[in-house]
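Please treat every number below as a calculation from the coordinates, not as lab data. What you are looking at is a predicted structure, and each value in this text was computed from that prediction instead of being measured. Note that we place each Cβ from the backbone using ideal geometry, even for glycine, and neighbour counts take in every protein chain shown.
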Amino acid sequence: MQSIIFKGLGRYLPETRVTNEVLSQRVDTSDEWIRTRTGIGERRIAQAHETVTFMGTQAAQQALEQAGLKAEQIDLLIVATMSPEMLTPSTACLIQKHLGTRGGAFDIQAACSGFVYALDIATQMLRSGAYQHILVIGTEKLSSFIDWEDRSTCVLFGDGAGAAVLGTLAQTGVGILKNTLGADGQGAGCFEIPAGGSLRPACQQTLSNRDHYIKMNGRELFKTIVPLLEQETLRFLTAQNLTLADIDWIIPHQANVRILESLCKRLDYPMEQVFLNLEHYGNTSAASIPLALMEALEQKKVLPGQTLLLMAFGAGLTWGFSLIKWPL
Ligand code: ACO
């Protein structure tokens, strides 16, 4: 039996940092409000040339380098994004053009859960034996979809990309042990970009209504997500005959520190074992988990032999977990 492992990780973060102080000159907010309500201190905002394709390509090149592989050795490219370059062609094809990977290339859209969704697809495809190396990228330029006049959303998000090369190892019981995905479309209205799709194509009215920007019911999301994550975490771990005591690190989607604090309180899990970097990047949607995982490894917080729980949640509603034993 083979294990599915991370062979390389990579990231790209835009140069431009936008602090809470800078935002408070633009909308009626403050560093104190943003920090206490979200845990965010600054975010990176992409410039015109830093497209999702550019950022995803840069992250992928770094992941390939770390894996010691060439792009031609990749059999499949999966891109998770909710801010694609355009509706069609897929961002995956645009990145493929730069990298020259072999095999298929496609996008998936599961909002902030996108990276874990892509990870599960890649895991199953590698397990099938039909693929050897799969490149998974989470790349987001949410700044293009933020209403910079809406203080309730513009303070939350940031841009960036993370990538992982996945492959197999002839050893059992390490790497990605199990994934699970979930969705509840009843919560779809809590977070949407209402116009620009086939339901409401761009027109003068959608533009003047600012309907091409993110609309979010933050309070409702918060109320829904915390108990949902509590229930799904316990369900997932119980199904693997595990408890939270078996988890060395939770690497969560970096949306809001208060969501994670409330969750940890309910689960009786120490916040010190939840890796956080949202103070520096805000919510980077599908890029947030690979960015956090890479930093946790660099800071030597995650160590070989430890058990990690990747925890994703986002618009849709969607969620996903990945149980990983970091190889020795
Ligand atoms: N600065 C100052 N005041 C603000 C700001 C701001 N940036 N934004 C909102 N306020 C005000 C509101 O207008 C409101 O004022 P009022 O009471 O006079 O009406 C007050 O602050 C409280 O607003 P709430 O929305 O109730 O604030 P809350 O404590 O719920 O915090 C937040 C808002 C941070 C958005 C929170 O609800 C949250 O994080 N929700 C989850 C959102 C989330 O995680 N989204 C991402 C998941 S989906 C995905 O990742 C794609």
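For the chain, the share of DSSP beta bridges that are antiparallel, to the nearest 5, is 70%. The local environment of Thr29, defined by Cβ-Cβ distances under 14 Å, has a net charge of -3 under the rule Lys, Arg +1 and Asp, Glu -1. Take the Cα of Glu32, step 7 Å toward its Cβ, do the same at Thr243, and the gap between the two points is 4.2 nm.
Over all pairs of different C-alpha atoms in segment 130-196, the reciprocal of the mean inverse distance, the Kirkwood hydrodynamic radius, equals 16.1 Å. Counted by neighbouring Cβ atoms within 10 Å, the residues Ser322, Ser128 run from fewest to most as Ser128, Ser322.
Could you tell me the center-to-center distance, by alpha carbons, between segment 176-213 and segment 77-120 in angstrom? About 17 Å separates the Cα centre of segment 176-213 from the one of segment 77-120.
Bridging of Lys7 to lysines at a Cα separation below 20 Å is possible for Lys70, Lys178, Lys300, Lys301, Lys325, once same-chain residues fewer than 8 apart are set aside. Relative contact order of the chain: 25 percent, from C-alpha pairs under 8 Å at least 6 residues apart in sequence. Computed over the chain with a Gaussian network model linking Cα atoms closer than 10 Å, the most mobile of Cys203, Cys93, Cys190 is Cys203. For the chain, with a Gaussian network of springs between Cα atoms less than 10 Å apart, report the residue from Ser90, Ser198, Ser143 with the top mean-square fluctuation. Maximum among the listed residues: Ser198.
Taking every Cα-Cα distance in segment 144-280 and sorting them into 5 Å bins starting at zero, the pair-distance distribution P(r) comes out as 2, 7, 14, 16, 17, 16, 12, 8, 5, 3, 1, 0 percent.
Averaging the sequence gap over all C-alpha pairs within less than 8 Å and six or more residues apart, then dividing by the number of residues, gives segment 1-103 a relative contact order of 32 percent. Size descriptor for segment 89-176, Kirkwood hydrodynamic radius: 15.1 Å (Cα pairs only, one decimal). In order along segment 136-151, the Karplus-derived 3J(HN,Hα) couplings, from 6.51 cos²θ - 1.76 cosθ + 1.60 at θ = phi - 60°, round to 10, 10, x, 9, 9, 10, 5, 4, 6, 10, 8, 7, 6, 9, 9, 5 Hz, and Gly and Pro are given as x. Under 13 Å from the Cβ of Val52, count the other residues' Cβ atoms, weight Lys and Arg +1, Asp and Glu -1, and hand me the total. Local net charge: -4. The local environment of Gln204, defined by Cβ-Cβ distances under 15 Å, has a net charge of +1 under the rule Lys, Arg +1 and Asp, Glu -1.
So what is the relative contact order of segment 167-298, in percent, for Cα pairs below 8 Å that sit 6 or more residues apart?
Relative contact order of segment 167-298: 18 percent.
Please report Rg over Rh for segment 210-268, where both radii come from the alpha carbon positions and Rh follows the Kirkwood definition. Using Cα coordinates only, the ratio equals 1.08.
Rounded to the nearest 0.05, what FRET efficiency do Asp184 and Lys70 have when you use their Cβ-Cβ distance and R0 = 30 Å? E between Asp184 and Lys70, to the nearest 0.05, is 0.15. Note on the chain: Cα Rg divided by 2.2 N^0.38 Å, N the number of residues, gives 0.95. A Gaussian network model of the chain, with springs between Cα atoms under 10 Å, assigns the largest mean-square fluctuation among His212, His49, His133 to His49. Rounded to the nearest 5, the antiparallel percentage of DSSP beta bridges internal to segment 74-233 is 45%.
Between Gln124 and Trp148, residue separation times 0.36 nm minus the direct Cα-Cα distance comes to 4.7 nm. Dimensions of segment 1-92 along the principal axes, based on C-alpha atoms and rounded to the nearest Å, stand at 53, 33, 21, largest first.
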